[in-house]
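J.: Please see the structure below; I have some questions.
The values are calculated or read from the model by the stated rules, or taken from the named source; none is laboratory data. It should be emphasised that the depicted structure is a prediction, and the values quoted were computed from it without experimental measurement. In this analysis, Cβ positions are derived from the backbone assuming ideal geometry, glycine residues included, and neighbour counts consider all displayed protein chains.
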């Protein structure tokens, strides 16, 4: 079970890292804004995050069942049960946190296409009126602000409410 939890955490971290890398490249290369490469990377990242969130739900169900089986098992001493239940609780908290982070990142990522339209406008306007250096600086600032939301804690932004679905709230 521990390996499944670690694998799920790694999948989440990799998905976010890939997305951040894509956006950081876009911040320095205006030609990438709305390119097929970026659209594909966003779609792949979204899919990876949704799959990770589904894995979290599955792991939470398994951990809930594990809790019940430990509590019902008569082979364990009370100290062993307490130790095992603490380990399960620790994993449950980790998985629930990653699930909420996935949900927040998915929600924020949903605004990427609208943001790219704004970025094109900002870059083009600054390029026309204030030169390439200022245009790239403004594009980078706008993209960097968006990237912060990909790694923010759930609920850090008003646009990304911290919601826990019923299947994610098996912490009781």
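J.: When only residues in region 116-165 that are closer than 28 Å to residue 97 by Cβ and crowded, with 17+ Cβ neighbours inside 10 Å count, which is modelled with the lowest pLDDT?
T.: From region 116-165, those closer than 28 Å to residue 97 by Cβ are 143-165; that's our starting set.
Adding the requirement that they be crowded, with 17+ Cβ neighbours inside 10 Å leaves 143, 146-147, 149-150, 154, 160.
Numbers: 143: 94, 146: 94, 147: 93, 149: 89, 150: 88, 154: 68, 160: 36.
Filtering region 116-165 for residues that are closer than 28 Å to residue 97 by Cβ and crowded, with 17+ Cβ neighbours inside 10 Å, the one modelled with the lowest pLDDT comes out as 160.
Residues checked against (1) farther than 24 Å from residue 16 by Cα; (2) exposed (fewer than 14 other Cβ atoms within 10 Å of the Cβ); (3) touching a helix residue (DSSP H, G or I) at 6+ places or on another chain (Cβ under 8 Å); (4) in contact (Cβ under 8 Å) with a residue 12 or more places away in the chain:
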| site | (1), (2), (3), (4) |
| --- | --- |
| 65 | yes, yes, no, no |
| 69 | yes, yes, no, no |
| 72 | yes, yes, no, no |
| 76 | yes, no, yes, no |
| 85 | yes, no, yes, yes |
| 91 | no, no, yes, yes |
| 94 | no, no, yes, yes |
| 99 | no, no, yes, yes |
| 102 | no, no, yes, yes |
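J.: Can you find a residue in region 25-33 that is more than 15 Å from residue 140 (Cβ to Cβ) and either exposed (fewer than 13 other Cβ atoms within 10 Å of the Cβ) or within 15 Å of the chain's Cα centre (by Cα) (or both)? Before the answer, list the steps.
T.: To start, the set of residues in region 25-33 that are more than 15 Å from residue 140 (Cβ to Cβ) comprises none.
Scanning region 25-33, I find no residue that is more than 15 Å from residue 140 (Cβ to Cβ) and either exposed (fewer than 13 other Cβ atoms within 10 Å of the Cβ) or within 15 Å of the chain's Cα centre (by Cα) (or both), so the answer is no.
J.: Only one of (1) at pLDDT below 95; (2) part of a helix (DSSP H, G or I); (3) touching a helix residue (DSSP H, G or I) at 6+ places or on another chain (Cβ under 6 Å); (4) within 30 Å of residue 134 (Cβ to Cβ) fails for residue 39. Which number is that?
T.: Going through (1) at pLDDT below 95; (2) part of a helix (DSSP H, G or I); (3) touching a helix residue (DSSP H, G or I) at 6+ places or on another chain (Cβ under 6 Å); (4) within 30 Å of residue 134 (Cβ to Cβ) one by one, residue 39 breaks only (3).
J.: Residues to consider are 152, 135; find the one that is farther than 30 Å from residue 71 by Cα, in contact (Cβ under 8 Å) with a residue 24 or more places away in the chain and part of a loop (DSSP other than H, G, I, E, B). Lay out the reasoning, then the answer.
T.: On the way: 135 fails: part of a loop (DSSP other than H, G, I, E, B).
None of the others qualify; the one that does is 152.
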